[in-house]
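In what follows, a structure is listed as structure tokens, so that the remarks can point back to it.
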Amino acid sequence: MDSAFEKAKKALAFKSVNLRNSYVVLDDDIEPLELEKQNLETQTFRGVAKVKEIFIESDKQNWWEYHFFYAVGIRLVKETVDDAQENPSLEIKATFNALYRANEKLDPDILEAFSEQNIGYHVWPYWRELVQSSCARLNVAPLEIPFYFFAQ
């Protein structure tokens, strides 16, 4: 029997990845050239924040669209010995909408399996480009965003 992820791969056809929102900020007290000299810790997050299902009805064909909202972020913060939270020196966050189509309505467990194993793979190149171009516009050294890997 096919796993939920295998069913999702067979049923879902990739259509596009679009930026839904982004947030980029460099702390006002930091000059771009000084950023590299500071002792900063990198913090990141990534994951599917929500899935939206839309039924499309037309004269010729009916289908379901699945919008996977993938939230991702990176920030540089000063390393502290206590748990005091400081404002990030640099922060870049975004939400991307990965759009897929299916000829049938899919069960939530299939969508969850696909969310965990595939959405990041399609979104990741767009995220890497956003971080690199944002750093260039801020005149800061590019932040290293590694290739996409997921836990097996």
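The values are calculated or read from the model by the stated rules, or taken from the named source; none is laboratory data. Note that the structure is predicted; figures quoted are calculated from it, not measured. When the accessible area is computed, the model is the full protein with side chains, heavy atoms only, and any ligands, DNA or RNA have been set aside. Shrake-Rupley method; radii C 1.70, N 1.55, O 1.52, S 1.80 Å.
Using alpha-carbon pairs under 8 Å, 6+ residues apart, how would you state the relative contact order of the chain in percent? Mind dumping the intermediate values first?
Details: 256 pairs, mean separation 46.6, N = 152.
Relative contact order, the chain: 31 percent.
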Before I look further, what does the chain give for accessible area per residue, probe 1.4 Å, in whole square angstrom?
65
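Roughly speaking, to the nearest percent, how much of the chain's 1.4 Å accessible area is carbon and sulfur? List each step's numbers first, then the result.
Working: 4630 of 9840 Å².
Using a 1.4 Å probe with all protein chains present, the chain comes out at 47 percent carbon and sulfur.
Just to be sure I follow the rule: in the range 28-130, considering lysines 8 or more places apart or on different chains, how many pairs have Cα atoms under 20 Å apart? Spell out each step's value before the answer.
Details: K37/K78; K50/K93; K50/K105; K52/K105; K60/K105; K78/K93.
Taking the range 28-130 as the scope, the lysine pair count is 6.
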Hey, what number do you get for the chain at 222 nm if only DSSP H runs of n ≥ 4 count, each worth -39500 (n - 2.57), divided across all residues, to the nearest 500?
-7000 deg cm²/dmol
Calculated from the structure, log10 I(q)/I(0) by the Debye sum over Cα atoms at q = 0.11, 0.15, 0.21 Å⁻¹ equals which of (1) -0.51, -0.84, -1.38; (2) -0.53, -0.82, -1.26; (3) -0.70, -0.90, -1.16?
(2)
